[in-house]
Amino acid sequence: MSAPNERDVADIRRALLERKVRQRVAEKAEREKIVPVPRTGKMAIAEQQRFLWFLHQMVAGAPVYNVPFAMRLRGPLDVPRLSEALRGIVARHESLRTRFGDEHGVPFQTVDPPPETWELPVTDGTEQQIQEWIDAQVREEFDLRNRPPYRFGLLRLGPQDHVLSIVWHHIVIDGWSSRQFAEELTARYEDPQGARFPELTLQPADFAAWQRLWLLSEEPAKQIEYWHSAVDGMEPLEWRTDRQRPSAPTGAGRIHETRLPDDLARRIRETAKAEGVSLLALTMAGYQVLLNRYTGQEDIALGSVLSGRTRSEIEPMMGFFANTVVVRGDLRGNPVFRDLVHATNDHILEAMAHQDVPFGRLVEELKPERLPGRNPLVAHLFTLLPEPMIARWRLPGVEVEMLTPQPETTRFDITFQINDLPDGGLGVWIEYSSELFDHERIERLVEHFTTVMTDALSRPDARVDALDIMPDEEYLRVLTAWNPEPGEVDGRLLHELFTARAAEAPDAVAMRFAGENLTYRQLDERSDRLAHVLVDEFKVTPGRVVGVLLDRGFDLPAAELGVLKAGGAWLPLDPQYPPERLAYQLGDADVAAVVTTSDLADRVPADVARLLLDTDVLDGRPASPPKVHVAQEDTAYVIYTSGSTGTPKGVMVPHRAVVNFCTTFQRMFSVTPDDRILQFSNPAFDVSVSDVFSTLTAGATIVGAPRSELLDPEQLQGLLERERVTMVDIPPAVLGLLDPAALDDLRVCFIGMEPFGADLVNRWSKPGREFHNGYGPTEVTVTCVDYLCPPEPLDGPPPIGRAMANQRAYVLDRALRPVPVGVPGELHMAGAGLAIGYLGRPGQTAEKFLPDPFAPTPGERMYATGDLVRWNADGNLEFLGRVDRQVKLRGLRVELGEIEHAIETFDGVRQCVVTVRDQGTPSAWLAAYVVGDFEQDALREHLSGLLPLHMVPADYVRLEQLPLTATGKVDHARLPDPRPGGGTGPAELSTDTERRVAEIWQSLLSLEPGSVGAQDNFFVLGGNSLQVTQMISRVRDAFQVTLDPRRLFSYPLLSQFAAQIDDAQRALLGEDEVAKLEAQVAGLSEEELDRLLKESS
Amino acid sequence: MEAQYVVVINHEEQYSIWPAGRDLPNGWRAAGVESGKSECLEHIARVWTDLRPISVRR
């Protein structure tokens, strides 16, 4: 026997090793195989099902997860045979015989034996009842605990005309399985004897048992790790909805079905093939571009549904294995479309390789911020239903026409699904939340998708930024059709319009003040004399600025007109301003002089020339205007506005702009010399320009009053009645304090400056009285956008409307392109209302006054307002807030102005400002600073009904007044700390219920005893959605009441939630019994009370 | 990379800025400066000394 040589030894070792490896792999595969498990009463359910089961609890009976199929069957239908075929399917597949229960918040499944008796319910009906019947079939809730998870039914229209409805709960069957169901139905119907289906050895319960073990292995950890990095820093998609997300959403939805144009479908298929990418990747890339334009976000995270059939054993099963994955599109750096498609294709392949981690598990791992009624992580799906998954419903000898049942529910905010149709076309199936979106919006979504796909395929090497998303008609509509046609402009100067009126009717009353009259002649002559002084003594020339520091009264219009006639521009100064602010403006504007009176003169810095109107300075000056040459582009007035930089800027408004405003105003409101117009606005604001000059250039009468009288609602009411005022332009808050009943002469309310609700309009609008919502920054001259409220009552805040005459409104994205209808963008204004710029600030002027790329004539500018607006479907602009007041709260975009507006609608609140504390940290929270008389809890409740939960401020600080900067803006630095001294310790638990709830939270969330306080928020403490159901279950054990899990989202603070439990317990007993108990307790002495309390504790 | 702009000027010798690489709006010409936004605005602050349209400068 010879010793094996070394070579042989190596071979043997290798062979041995190979055998061992094979063995191990086989053993491992054997261990990992799905095997039958014993059927017991309470079996585990799959993670996909667990998550869906939880969501099913959250929607409390809404048929959100019911999957319907309905079809018209024309021809000789063998009903017993159809019924038998359905029975056969139910008998073969356990999923259709599964019920779901729960123990301590953990769901389990029970499989029932095949049904002993079987009947397909047949109902007689008519053509008109079809839709109603199929809708009713899908809308009925499934009792998953006690009843089968399916519902079959036949509507008999005639002997050879039927409608078949098949509905099941998604928890037992997914899209892939529906195809199997349809095929098995066909085969069994075709040949009840011949069709033999092998008995299944594995069923979904076996998969569920296998999955539990698999989740304990190493593989899921690897996949979860992948998802952690894949969603790292992910920005939730914040598509601005048509309506505010309700605080308690119902899941109401609609289905919209259509087809892409065949030509486009063909090109999509060709391109996908040529590029070697999936149809899903190519279409999703187009959709990413679209959402990038809609939201301005560069990180577009969408959900997509994959089949979950990653193991061959699952394939014959009918069950719910599909899984949602997240696919992120990265549009940073403006990629080339073709590259975006390939990147998306790679992302999808990666997601497919890691699709075994159930989505619910992922959500638990990632703990994203929760919103009631909004799916965690991704609320917006883009998915493709591949051709092999499209169920083909066929019954031999019968013509099948598919019908569309409307469950009227939706699972996500939007699911945009491309159907890979067998005929080569591409279908579009969209399920959307009808609480959030209008139908027109969804139709436009398809239109924009079609446009962007068409453009992208025609030039795949273009950068995504260059692609068109709007069809030409919409482009023209928003830029041209919804802006006024250029109209007539008056080429005169502002004061020339006045002098013409003075010449026509010199004795007409120009102004009423404190019961006295000022005639047009008096005003004309006084302003002439002043102009001479300014020209002669103070060397005023066109472009020079003259300060006007006067209290309300006849002098004010005289001074303003006098400066104009001298060729200068007036700068109104508020006598209430702090001296530093006055000094700053006078210096900044380099005034030639200040027109004032002796009692105010001490406010004027010593080095500034002054002209005192209450002296003899005007005596002996000519009562005719001085000869000066002024052009329409010369500045008529300068008004300071506070800028974001903190230093006020002087806006230079030329004659052209203010003349256009006044003539437009007169036409809009048909102003006549008989009109009496209130002068309410502070003369330092540009609404006063309207009050004074819209009136004087129309020959009408200004009605003025001292400040104190205007600010007292009773006196103001008296003034309006006594003077029979016909038009007012006052802030909505002031109008709200007045009584419309006694103001018969008031024919125009021109209200603006801040947003207001429908109530105000409905209270004031009436036949013979127009109610307008006006909008305008000083840079576009008083008001440039207007909405005339319709005579019928409004049910929401009015829009701000459209551009006024000779002006144009553009809603543009950050790249200065028009945005589609319904998409927020920054309002840009162009046309006759534009100011010249900011006095002495060329840089800031150039930054805000941009070239107008859409102008009908070359070289025009447009002003970037900084206001966020959108077009509604009627072509009216809706005001949404300031572009720069959006903040991020745990990744969610929040418009602080929206919250402030909601707070200000609460009774007793006068003013407020909302700020973010700890911004950029996971514990970021909102603090509201409120001026007024209000109950904090009542205000919080009010807000919970108006705003999504994450927008309801956590803390409320009552202030006497808001701290202001010298420029009149809220001084954020001086807002007090709402939680002085850290304030992080838990608030005391004051009731027994609170203490017991705290114990439940602590044990559920693994927190230290004593760490949970009455003001702690379940979700901030780390509670996730699945723990919500567990918590509800424990609360049921402890308090014998069953709360709707959604309550926790509305009342996440421990004290609030405990109060809900108390309410529920009282409700359980009924009022009478509670009253009896209360009477008993009330009758007890203090000693007895003490004794009883001690006993019970 | 910081977004690039060009300094532009119109027939009234009003200055403004426009995203670099995009077609200039009708009636505007480049004034020879291309840079980041703040550099462009600083340039304008130096050269645009009279904000009034040229037609009314005297």
Q: Note down the net charge around A:VAL357, summing +1 for each Lys or Arg and -1 for each Asp or Glu among other residues with Cβ under 14 Å from its Cβ.
A: -4
Q.
Give me the tail of P(r) for the stretch A:154-222 as a percent: Cα-Cα pairs with distance above 16 Å.
A. 71 percent
Q. What is the distance, in nm, between label points placed 7 Å from the Cα along the Cα-to-Cβ direction at A:ARG763 and at A:THR615?
A. 4.9 nm
**Q.** For the stretch A:212-252: rounded, prolate or oblate by the Cα gyration tensor [a/c cutoff 1.5]
**A.** oblate
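Which value results when the Cα radius of gyration for the stretch A:47-200 is divided by 2.2 N^0.38 Å? Could the numbers behind the result be given before it?
Details: Rg = 16.2 Å, N = 154, 2.2 N^0.38 = 14.9 Å.
Expressed relative to 2.2 N^0.38 Å, the Cα Rg reads 1.09.
Over chain A, what relative contact order in percent results from Cα pairs under 8 Å that are six or more residues apart? Don't jump to the answer; show the numbers that get you there.
Working: 2023 pairs, mean separation 99.7, N = 1097.
With pairs under 8 Å counted, the relative contact order is 9 percent.
Highest mean first, how do A:782-788, A:342-348, A:107-113, A:1053-1059 rank when packing is the count of other Cβ atoms within 10 Å averaged over residues? Before the final figure, lay out the partial values.
Values: A:782-788: 25.1, A:342-348: 19.4, A:107-113: 16.9, A:1053-1059: 21.0.
Highest to lowest by the protection proxy: A:782-788, A:1053-1059, A:342-348, A:107-113.
Return the average number of partner chain Cβ atoms within 10 angstrom of each residue Cβ along peptide A:834-840. Each step should come with its number before you reach the end.
On the way: counts 0, 1, 6, 7, 1, 1, 3.
Per-residue shielding by partner chains comes out at 3.
Pulled fully out, how much extra length does the chain show between A:GLN576 and A:ASP933, if you take 0.36 nm times their separation in residues and subtract their Cα-Cα distance? Let's see the in-between values first.
Values: separation 357, 0.36 × 357 = 128.52 nm, distance 2.61 nm.
Contour length minus the Cα-Cα distance gives 125.9 nm.
Roughly speaking, what is the stretch gain from A:GLU18 to A:ARG394, that is 0.36 nm per residue apart minus the C-alpha to C-alpha distance, in nm to one decimal?
On the way: separation 376, 0.36 × 376 = 135.36 nm, distance 5.14 nm.
Stretched fully, the A:GLU18-A:ARG394 segment lengthens by 130.2 nm.
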Q) From the residues A:LEU549, A:ALA46, A:THR697, which one has its Cα farthest along the dipole of chain A in the positive direction, the dipole being from +1 and -1 charges on Cβ of Lys/Arg and Asp/Glu about the Cα centre? A) A:ALA46
Q: Based on other C-beta atoms within 10 Å, arrange A:THR597, A:THR98, A:THR695 from fewest to most.
A: A:THR597, A:THR98, A:THR695
Q.
Can you pull out the trypsin sites (Lys or Arg not before Pro) in the stretch A:806-883 whose DSSP state is coil and whose Cβ has at most 15 other Cβ atoms within 10 Å?
A. A:ARG814
Q. What do the square roots of 5 times the Cα gyration tensor eigenvalues come to for the stretch A:414-508, in whole Å, largest first, as semi-axes of the equivalent ellipsoid?
A. 53, 19, 10
Q | chain A: angle of helix A:494-504 to the longest principal axis, Cα-based, in degrees nearest 10 | A | 60 degrees
Q: Would you mind giving the mean number of other chain beta-carbons within 10 Å of the Cβ of each residue in B:45-57, as a whole number?
A: 5
Q: Quickly work out the A:LEU200-to-A:GLU1087 label distance, labels modelled 7 Å from Cα along the C-beta direction, and quote it in nm with one decimal.
A: 7.4 nm
**Q.** Per-residue [θ]222 nm for the protein assembly as shown (sum of -39500 (n - 2.57) over DSSP H runs n ≥ 4, rounded to 500)
**A.** -10500 deg cm²/dmol
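Magnitude of the Cβ-charge dipole of the stretch A:429-470, K/R +1 and D/E -1, about the Cα centre, nearest 20 debye? Could the numbers behind the result be given before it?
On the way: 4 positive and 10 negative charges, 39 e Å.
Around 180 debye, computed over the stretch A:429-470.
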Q) Which value in nm describes the separation of the simple spin-label points at A:LYS539 and A:ARG958, placed 7 Å from the Cα toward the beta carbon? A) 5.9 nm
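Using a cut-off of 14 Å between beta-carbons, work out the net charge of the residues near A:ARG996 (Lys and Arg +1, Asp and Glu -1, A:ARG996 not included). Numbers along the way, then the final one.
Values: positive: A:ARG995, A:ARG1034, A:ARG1036; negative: A:ASP992, A:GLU994, A:GLU999, A:ASP1037, A:ASP1062.
Every neighbour counted, the sum reads -2.
Could you pull out the GluC sites (Glu not before Pro) across the stretch A:519-619 that fall in loop regions by DSSP (anything but H, G, I, E, B) with no more than 11 other Cβ atoms inside 10 Å?
On the way: sites: A:GLU525, A:GLU537, A:GLU560, A:GLU580; in loops: none.
Passing sites in the stretch A:519-619 do not exist.
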Q. Listed highest first by mean packing, meaning other Cβ atoms within 10 Å per residue, what order do B:44-52, A:270-278, A:408-416 come in?
A. A:408-416, B:44-52, A:270-278
Q.
Translational diffusion coefficient of chain A at 20 °C, 1.002 mPa s, Stokes-Einstein with Kirkwood Rh over Cα pairs, in µm²/s as a whole number.
A. 62 µm²/s
(Q) I need the shape label for chain B. Rule: rounded when a/c is under 1.5, else prolate if a/b > b/c, else oblate, with a, b, c from the alpha carbon gyration tensor. (A) oblate
Q) Roughly speaking, what is the stretch gain from A:ASP918 to A:LEU403, that is 0.36 nm per residue apart minus the C-alpha to C-alpha distance, in nm to one decimal? A) 180.1 nm
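Across the residues of A:630-641, average count of Cβ atoms on other protein chains within 10 Å? Please report the intermediate quantities before stating the final value.
Numbers: counts 1, 5, 2, 7, 4, 3, 0, 0, 0, 0, 0, 0.
That average works out to 2.
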Q.
With equal scatterers on the alpha carbons only and no solvent term, can you work out the Debye log10 of I(q)/I(0) for the stretch A:84-152 at 0.12, 0.18, 0.22 1/Å?
A. -0.43, -0.83, -1.03
Q: State the Cα centre-to-centre distance between the stretch A:239-311 and the stretch A:99-125 in whole Å.
A: 35 Å
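Would you please put A:153-161, A:315-323 in order of how densely packed they are, using the mean number of other Cβ atoms within 10 angstrom per residue and starting with the highest? Walk me through the intermediate numbers first.
Values: A:153-161: 15.3, A:315-323: 22.2.
Descending packing order for the listed peptides: A:315-323, A:153-161.
First measure r as the distance between the Cβ atoms of A:ASP330 and A:VAL35, then evaluate 1/(1 + (r/R0)^6) with R0 = 41 Å and state the FRET efficiency to the nearest 0.05. Walk me through the numbers on the way to the answer.
On the way: r = 42 Å, r/R0 = 1.03.
Efficiency at R0 = 41 Å is approximately 0.45.
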Q. Using alpha-carbon positions, what is the distance between the centroids of the stretch A:781-820 and the stretch A:61-77, in Å?
A. 45 Å
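Go ahead and run the numbers for FRET between A:ASP551 and A:LEU975, Cβ-Cβ distance against an R0 of 35 Å, rounding to 0.05.
Working: r = 32 Å, r/R0 = 0.93.
That pair, A:ASP551 with A:LEU975, gives E of 0.60.
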Q: Specify the angular offset, from 0 to 90 degrees and rounded to the nearest 10, of the alpha carbon long axis of helix A:6-32 from the longest principal axis of the alpha carbons in chain A.
A: 70 degrees
Q | 37 °C / 0.692 mPa s Stokes-Einstein diffusion coefficient of the stretch A:778-874, Kirkwood radius on C-alpha pairs, µm²/s | A | 228 µm²/s
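To the nearest 20 Debye, how big is the dipole of chain A about its Cα centre, given +1 on the beta carbon of each Lys and Arg and -1 on that of each Asp and Glu? Write down the numbers at each step before the final one.
On the way: 113 positive and 164 negative charges, 605 e Å.
With Lys and Arg at +1 and Asp and Glu at -1, about 2900 debye.
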Q | Degrees between helix A:79-92 axis and first principal axis of chain A (Cα, 0 to 90, nearest 10) | A | 80 degrees
Q: Can you put A:MET402, A:MET389 in order of Cβ neighbours within 10 angstrom, beginning with the fewest?
A: A:MET402, A:MET389
Q. Which whole-percent values make up P(r) of the stretch A:285-393 when all C-alpha to C-alpha distances are grouped in 5 Å steps starting at zero?
A. 2, 10, 18, 21, 19, 15, 10, 4, 1, 0
Q. Please identify the GluC sites (Glu not before Pro) of the stretch A:101-191 that satisfy two criteria: DSSP loop assignment and at most 10 other Cβ atoms within 10 Å. Which are they?
A. A:GLU116, A:GLU119
Q: Name the residue farthest towards the positive end of the dipole of the stretch A:241-337 from the options A:THR310, A:LEU291, A:VAL336, assuming +1 on Cβ of Lys and Arg, -1 on Cβ of Asp and Glu, about the Cα centre.
A: A:LEU291
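Read-outs throughout are calculated quantities, based only on the coordinates presented, and are distinct from any laboratory measurement. Just so it is clear, the model here is predicted, and its values are computed rather than measured. Note that each Cβ is placed from the backbone with ideal geometry, even for glycine, and that neighbours are counted across all protein chains shown.
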